[in-house]
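Taken together, the values in this text are just the output of simple stated rules run on the coordinates, not laboratory data. Every value quoted in this text rests on a predicted model; they were computed, and no experiment measured them. Methodologically, a virtual Cβ is constructed for each residue, glycine included, from the backbone with ideal geometry; neighbour enumeration extends over all protein chains shown.
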Amino acid sequence: MRTVLLSKNEIRECTVCLLDQPIIEYEERYSDQCEHSQRTICNTCVYNNIKSLLENLTNNNNNNIHCLEPNCESIFYYNSIRSIVSLKDNLQLFERYDRQITYEHLEKIQEFVWCASNECGSGQ
């Protein structure tokens, strides 16, 4: 594997916002399953997209969140989502996502029953 040293001043145009961003905005791959060799979408645009998707999660949706890069079908799982949301330190959004997927897993357990009280939020 060849390592290329990049200039700290190197920039790349984001394919979503079309702004020139420092190369550091494109360095991290959020999933080991990503099929692209380099990112073309800046961290801010990745975050904004994921934030929008997470804010609109419901039990009725297919809640698989895919990588935004062209021709990449990778799904962002829990750790990827946590990494992306941490870009803007949005703990509240991540906690909402965490709670949502926890509820989804609980509802798949046939023996699990939610408490009948709307104020409770627990089950067994």
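Things to note:
- As a proxy for reagent exposure, ranking Phe94, Phe112, Phe76 by other Cβ atoms within 10 Å from fewest up yields Phe112, Phe94, Phe76.
- 13 Å beta-carbon shell around Leu93, net charge (K/R +1, D/E -1): +1
- Counted by Cβ distance under 11 Å from Gly123, the other residues give a net charge of -2, where Lys and Arg count +1 and Asp and Glu count -1.
- 0 to 90° range, to nearest 10: angle between helix 43-55 axis and the chain longest Cα axis: 10 degrees
- Chain lengthening between His105 and Glu55 when straightened (0.36 nm per residue, less Cα-Cα): 16.1 nm
- Shape call, the chain: gyration tensor on alpha carbons, a/c limit 1.5: prolate
- Crossing angle, helix 91-107 versus the chain [Cα axis fit, 0-90 degrees, rounded to tens]: 50 degrees
- Placing +1 on the Cβ of every Lys and Arg and -1 on the Cβ of every Asp and Glu, with no other charges, gives region 20-124 a dipole of roughly 140 debye about its Cα centre.
- Between Cys115 and Ile23, the C-beta separation translates, for a Förster distance of 41 Å, into a calculated FRET efficiency of about 0.20.
- Gain upon complete extension [Glu95, Ser122; 0.36 nm per residue less C-alpha separation]: 8.1 nm
- Per-residue Cβ neighbour rank within 10 angstrom, fewest leading, Cys120, Cys14: Cys120, Cys14
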